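So the structure is just underneath, and the comments pick up after that.
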Amino acid sequence: MKKQVAVSILALSLGLFPFQTTQAAWDSPTLSAVSNGLDAFWGGILTRLGIRYTYPMVYSHRNIELTPCGPSLLAHYCSDSNTIHLNMVQMDKLVERVGDSAGFFSLAHEYGHSVQKHLGILDKNLPIVVLELQADCLAGAFFAATDELGILEPGDLKEGAMTAMMTGDYDYEHTHHHGTPEQRGRAFLSGFNDPKSCFQ
Ligand SMILES: [Zn+2]
């Protein structure tokens, strides 16, 4: 995904035209630009719903560290502290295998959980699989916004869908079942094609 995503999304909300394009990257400036873009995107939507969005803090861990809700193994969101934790060693490996949007999908998915918190969805005691598939869908909605701005690069969508599928599982019996690879890939693409479908 291109670096000026945040600027472009801010520009979009101000009705301005996106700026020049830059090279795709998975580095900390791009990560914080995409994070700012997610803040702006969801901030705008929640504001229109009359909800004040407290942006989640994003922490990049180089090691497995204890976060407010468990060790930083890959990527997760802690609801109580409204924080996102990325294990950058694992993220880098994922990006190396799949591409930069594997990392941005993961970040957008975790932002999806922060949106669920603000909408009161996390308080509803829903099965984890329902929450996970909706977070994939919300990640797809963000990818759609970046596509509208012309900053989604060829392959980004496929990388996002692949990452969603890679993190699926078939542990139906397990309470931590996140959805099958097919369900997760489909949820992401559904959010991309029709963001409203995330709330149906
Ligand atoms: Zn999740």
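Quick note: the coordinates plus some simple rules give every number you see, no bench work behind them. This one's a predicted model, so the numbers in the text were calculated from it and none came from an experiment. Here the Cβ is made from the backbone with ideal geometry for all residues, glycine too, and neighbour counts use every protein chain on show.
Here are a few things to note about the model shown:
- Only one of Y55, Y77 that is aromatic (F, W, Y), away from the ligand (no atom under 16 Å from the Cβ) and more than 15 Å from M166 (Cβ to Cβ): Y55
- Residue in segment 58-69 that is touching a Phe, Trp or Tyr at 6+ places or on another chain (Cβ under 6 Å) and away from the ligand (no atom under 16 Å from the Cβ) present: no
- Any hit, segment 78-86, residues being aliphatic (A, V, I, L, M) and farther than 21 Å from A144 by Cβ: yes
- When E159, E148, E153 are screened for being more than 16 Å from the ligand (Cβ to nearest atom) and closer than 30 Å to T175 by Cα, only E159 passes.
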